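The values are calculated or read from the model by the stated rules, or taken from the named source; none is laboratory data. Values in this document were obtained by computation on a predicted structure and should not be read as measured data. Backbone-built Cβ (ideal geometry, glycine too); neighbour counts: all protein chains shown.
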Amino acid sequence: MAQSQIIKTTCPRDCYDACGITVTKRNGVIANVLGDPDHAITRGALCGKCAIAYNGAWRDPALRLTTPLKRVGAKGKGEFTAVTWDEALGEIAAKLGRLIGTGKSRSILHTHYTGTVSLIGGTFPIRLFNRIGATEVDPDTVCNKAGHAALELVFGSSAEGFDPRSAKDANCIIVWGANPSHSAPHQDKHWLKDARAAGAKIIVVDPIAHDTAKAADIHLKLRPGSDAALAFALLHVVRARGLADEAFLTRHVLGSEELIPAIEAMTPARAAELCGVPATLIEEAAMAYAAGPSLLWLGQGVQRQPQGGNVFRAIAALIAFTGNLGKKGAGFCYLNGAQLRGIDPASLTAPELARDGTGSISHMDLAAALEDPDKSLAFINWNNNPAASSPEQKRLRRALTRDDLFHVAIDLFHTDTTNYADIVLPAASFLEFDDLVLSYFDLTVSAQVKAADPPGEALPNQEIFRQLARAMGCDDPLLFERDDDLIARLLAQTPYRGNFADLAKLGTVTVFPEPRIQFADLAFATPSGRIELASARAEQQGLPRLPLPHADAPPEHGRLRILSPASLWLMNSSYGNDKVIRRRLGPPTLTLHPDDAAQAGFAAGDPVRIANETGELTLAIAISDTAQPGMGIVHKGRWPGSSLGDANVNALVSGRKSDMAESTAVHGTEVRLLHP
Ligand SMILES: Nc1nc2c(c(=O)[nH]1)N[C@H]1C(S)=C(S)[C@@H](COP(=O)(O)OP(=O)(O)OC[C@H]3O[C@@H](n4cnc5c(=O)[nH]c(N)nc54)[C@H](O)[C@@H]3O)O[C@H]1N2
Ligand SMILES: Nc1nc2c(c(=O)[nH]1)N[C@H]1C(S)=C(S)[C@@H](COP(=O)(O)OP(=O)(O)OC[C@H]3O[C@@H](n4cnc5c(=O)[nH]c(N)nc54)[C@H](O)[C@@H]3O)O[C@H]1N2
Ligand code: SF4
Ligand SMILES: [Mo]
């Protein structure tokens with residue numbers, strides 16, 4: 001009789017949902033990977049992309065990397081021969097050792113990000129880079145750093161959000177610049193829909209009429225980059241209707257009075273012109289949000305704008321003026337960090353190992369740094385795929401052909417990036433080692449439980465870096481801390497009182513019995529201890545003292561703003577090598593509004609070329625009023641190597657930085673539309 005076993009584990013993708021998974025094994029072999037029916041968020045079904053990829057590419061031994069590889073062909077050709085771990089690590093240790101020995105540690109660049117966001121697999125390798133004083137390409141600068149920097153200025157913290165369970169006390173939820181229907185499918189399907197069914201008004205602020213927007217009570221379909229003007233117009237209505245929470249402002253907010261002239265000037269009629277949103281809808285949304293208690297989900301898409309930091313500061317003013325904080329059913333969420341569950345991030349990355357400091361650069365400068373032998377002599381990429389996901393794609397890939405750049409790539413699969421590497425190391429997937437996962441939306445702690453051995457000689461990231469530390473002759477005990485010790489130490493920091501075996505049986509636990517109130521004590525870690533709408537620190541950083549009612553100018557005639565948000569079927573570039581996913585995706589498309597398509601003379605399915613100063617891309621036309629005039633949609637994450645012209649949307653994305661924290665301005669990209 002077949003022996004059947006069910007293992008509960010957790011999806012460690014960079015996703016709001018952190019789904020519970022059941023792995024069924026028959027006779028010791030994984031039979032399927034499904035959604036956990038007992039998991040409060042997942043309710044039995046994984047998202048479409050993971051349901052396919054975890055039963056497809058991720059368990060396909062023909063696609064997975066199984067041994068260390070050494071390059072034999074030219075860089076970029078992807079020609080390798082298998083070598084032993086000893087040979088591979090010996091060569092890496094020798095090369096890095098030479099750079100460290102000649103005082104060139106900072107020329108060792110490493111990039112990492114969303115391959116896995118499980119706690120150990122996602123962070124442990126940083127310990128060795130700290131020890132050797134390498135340069136980290138700051139991962140958040142390609143994703144969400146402007147928003148973090150802005151929230152830190154205003155609230156003193158960016159990693160404390162609302163507890164989603166507080167929706168039961170909310171009368172209104174704004175989703176501002178996120179697309180849960182793609183990027184948080186279970187929060188969309190369950191959390192948001194349940195809240196609406198219970199009577200909360202759902203408002204979506206987004207240039208795209210995506211499925212979450214379509215299902216909302218109010219969709220403010222604004223022009224990209226016009227959010228700050230809209231926020232000021234909402235504030236205008238709040239004040240004009242006498243809905244400002246004056247007691248809250250007096251007690252907890254710094255600088256509200258300084259904002260009043262700009263608020264008074266931004267009438268809904270003026271904002272309607274700047275943002276392209278009807279004034280009546282602005283009125284309606286402002287009243288619903290101000291009546292409260294209200295939650296505000298701050299998406300990551302909205303701050304990936306040239307003025308993204310300012311946008312967040314303006315939205316923060318809306319939260320402050322309406323007093324939607326520090327009480328049941330109120331608050332905002334950018335993300336919920338590990339600290340809220342007691343976990344000290346330093347216990348993961350061990351910054352104390354960095355005796356001689358480390359370096360840091362923005363992802364926006366990566367291509368330039370990789371071109372420059374004074375800035376980079378070695379490049380190690382793990383948990384990421386910069387040849388697909390980073391800006392300045394063509395320039396970056398050209399830089400990766402440099403013969404004097406020693407490149408190590410660590411991945412589960414051959415990717416457009418591994419093609420350039422001198423050494424490729426095979427990583428184990430989340431199904432193949434124990435770890436912990438913390439949702440960045442819900443305040444939970446989850447177990448990632450080993451369900452199978454890695455294929456061939458693949459190893460978890462952390463084990464690769466332990467072995468590399470050994471090959472380099474390091475002796476700091478922190479570089480060799482074992483997974484089970486680390487898991488026990490981390491779990492002990494959380495409020496959860498069980499051990500890993502207990503957690504593994506349950507899959508996921510919530511760590512606060514009741515919905516946690518965000519900023520319950522209304523104490524803020526700012527210099528004044530209050531919410532700083534007017535910020536002296538901002539001035540010191542060369543930023544305006546106050547948020548500005550800014551709206552980007554619409555693109556000039558003949559140009560189009562390109563948004564490249566999360567795809568339904570890809571997770572960043574992950575899953576782009578799964579054949580079923582590829583079929584679902586079809587050819588890469590540019591979605592245009594019917595008016596723009598008609599004006600430019602395109603029909604659905606026509607080939608189109610889009611180009612700008614950074615590069616060009618050929619796509620197929622799709623036509624839909626989910627887009628708006630002046631704007632096109634090209635979802636992120638296609639694999640350049642298997643796309644027309646060996647490129648994806650990042651061929652068009654420059655290294656332009658947003659107004660804060662040297663962060664990405666990807667959603668500010670403009671192109672010209674050309675017939676091929
Ligand atoms: N145009 C455009 N570009 C964007 C964005 C956008 O909105 N528009 N979004 C940006 C954002 S938000 C982000 S976060 C970045 C993400 O960019 P990346 O973090 O580079 O994400 P992926 O491209 O999915 O690359 C992750 C890689 O990790 C590998 N991997 C998976 N698990 C493991 C593991 O356990 N170990 C190792 N070593 N590897 C593993 C996967 O196979 C994959 O190749 O992209 C950015 N790029
Ligand atoms: N399926 C899937 N899920 C994912 C990912 C994925 O690649 N695929 N990536 C994961 C990662 S790394 C991240 S960071 C999150 C990101 O998930 P989200 O926070 O949802 O971010 P994006 O998908 O970049 O963009 C979200 C929305 O921002 C909107 N937006 C763009 N410009 C503006 C603007 O000027 N104003 C306003 N108001 N909105 C604007 C876009 O139209 C889009 O609908 O998703 C995670 N989940
Ligand atoms: S990517 Fe997100 S929605 Fe899909 S299974 Fe993983 S956690 Fe769930
Ligand atoms: Mo991201």
Exactly one of 487, 517 is farther than 21 Å from residue 449 by Cα, crowded, with 19+ Cβ neighbours inside 10 Å and under 26 Å from the mean Cα position of the chain (by Cα), and that residue is 517
Taking region 303-340, which residues are surrounded by fewer than 24 Cβ atoms within 10 Å (Cβ to Cβ) and either within 16 Å of ligand 4 (Cβ to nearest atom) or polar (S, T, N, Q) (or both)?
333, 335, 337, 339
Region 188-214, residues that are part of a helix (DSSP H, G or I) and within 16 Å of ligand 3 (Cβ to nearest atom)
188, 189, 190, 191, 192, 193, 211, 212
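For (1) closer than 30 Å to residue 408 by Cβ; (2) touching an Asp or Glu at 6+ places or on another chain (Cβ under 7 Å); (3) within 16 Å of ligand 4 (Cβ to nearest atom), each residue gets a yes or a no:
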| position | (1), (2), (3) |
| --- | --- |
| 8 | no, yes, no |
| 11 | yes, no, yes |
| 29 | no, no, no |
| 48 | no, no, no |
| 53 | yes, yes, no |
| 67 | yes, yes, no |
Those residues of region 578-607 which are assigned to a loop (DSSP other than H, G, I, E, B), away from ligand 3 (no atom under 16 Å from the Cβ) and not aliphatic (A, V, I, L, M), in sequence order
586, 587, 588, 593, 601, 602, 605, 606
Exactly one condition in (1) without any contact (Cβ under 8 Å) to a residue 12 or more places away in the chain; (2) within 16 Å of ligand 3 (Cβ to nearest atom) is false for residue 567; which is it?
(1)
Which residue, of 163, 188, is within 25 Å of residue 43 (Cβ to Cβ) and free of Cβ contacts under 8 Å to residues at least 60 places away in the same chain?
188
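Going by what's in this entry, would residue 136 be described as among the acidic types (Asp, Glu) and either crowded, with 24+ Cβ neighbours inside 10 Å or in contact (Cβ under 8 Å) with a residue 12 or more places away in the chain (or both)?
So residue 136 fits the description; yes.
Return yes or no: is residue 177 within 16 Å of ligand 2 (Cβ to nearest atom), of a type in the set (Gly, Ala, Ser), within 21 Å of the chain's Cα centre (by Cα) and assigned by TED's automatic domain parsing to the domain that holds residue 411?
On the way: within 16 Å of ligand 2 (Cβ to nearest atom): yes; of a type in the set (Gly, Ala, Ser): yes; within 21 Å of the chain's Cα centre (by Cα): yes; assigned by TED's automatic domain parsing to the domain that holds residue 411: no.
In short, no.
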Residues in region 632-646 that are under 14 Å from residue 385 (Cβ atoms) and not hydroxyl-bearing (Ser, Thr, Tyr) total 6
Before we move on, is residue 264 part of a helix (DSSP H, G or I), of a type in the set (D, E, K, R) and surrounded by 14 or more Cβ atoms within 10 Å (Cβ to Cβ)?
no
Residue 49 passes all but one of the listed conditions (1) among the basic types (Lys, Arg); (2) more than 16 Å from ligand 2 (Cβ to nearest atom); (3) within 31 Å of the chain's Cα centre (by Cα); (4) in a helix (DSSP H, G or I); the exception is number (2)
Could you check, for region 641-663, whether at least one of its residues is surrounded by fewer than 17 Cβ atoms within 10 Å (Cβ to Cβ) and closer than 30 Å to residue 309 by Cβ?
yes
For residue 632, only one of the following conditions fails: (1) over 14 Å from residue 674 (Cβ atoms); (2) outside any helix (DSSP H, G or I). What is its number?
(1)
Assuming residue 501 fulfils every condition listed in (1) touching a residue at least 24 places away in the same chain (Cβ under 8 Å); (2) assigned to a helix (DSSP H, G or I); (3) within 30 Å of residue 64 (Cα to Cα) apart from one, which condition is it?
(1)
Read through the list (1) within 26 Å of residue 115 (Cβ to Cβ); (2) more than 15 Å from ligand 2 (Cβ to nearest atom), then give the number of the only condition that residue 603 fails.
(1)
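Quick one: how many residues across region 369-419 are among the hydroxyl-bearing types (Ser, Thr, Tyr) and more than 25 Å from the chain's Cα centre (by Cα)?
Final tally of qualifying residues: 2.
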Kindly establish whether residue 146 is buried (at least 23 other Cβ atoms within 10 Å of the Cβ), assigned to a helix (DSSP H, G or I) and within 14 Å of ligand 1 (Cβ to nearest atom).
yes
Scanning region 55-74 residue by residue, those touching a residue at least 12 places away in the same chain (Cβ under 8 Å) and among the small types (Gly, Ala, Ser) turn out to be 56, 57, 74
Determine which member of the set 535, 574, 528 is under 24 Å from the mean Cα position of the chain (by Cα) and at pLDDT 95 or above.
574
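Residues in region 551-571 that are acidic (Asp, Glu) and either crowded, with 17+ Cβ neighbours inside 10 Å or within 20 Å of the chain's Cα centre (by Cα) (or both): how many?
From region 551-571, those acidic (Asp, Glu) are 552, 556; that's our starting set.
After this cut, where a residue has to be either crowded, with 17+ Cβ neighbours inside 10 Å or within 20 Å of the chain's Cα centre (by Cα) (or both) as well, the list is 552.
Of the residues in that region, 1 qualify.
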When both residues are 6+ apart or on different chains and their Cβ atoms are under 6 Å apart, which pairs have a first residue that lies in region 80-98 and is surrounded by fewer than 18 Cβ atoms within 10 Å (Cβ to Cβ), and a second that is polar (S, T, N, Q)?
82/67
For region 154-187, the count of residues that are more than 16 Å from ligand 3 (Cβ to nearest atom), crowded, with 23+ Cβ neighbours inside 10 Å and in a helix (DSSP H, G or I) equals 2
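Could you identify the single residue in 141, 114 that is touching a Lys or Arg at 6+ places or on another chain (Cβ under 9 Å), crowded, with 22+ Cβ neighbours inside 10 Å, modelled with pLDDT of 95 or more and of a type outside the set (Lys, Arg)?
141
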Which ones in region 1-32 are within 16 Å of ligand 1 (Cβ to nearest atom) and in a loop (DSSP other than H, G, I, E, B)?
11, 12, 13, 14, 15, 16, 17, 18, 19
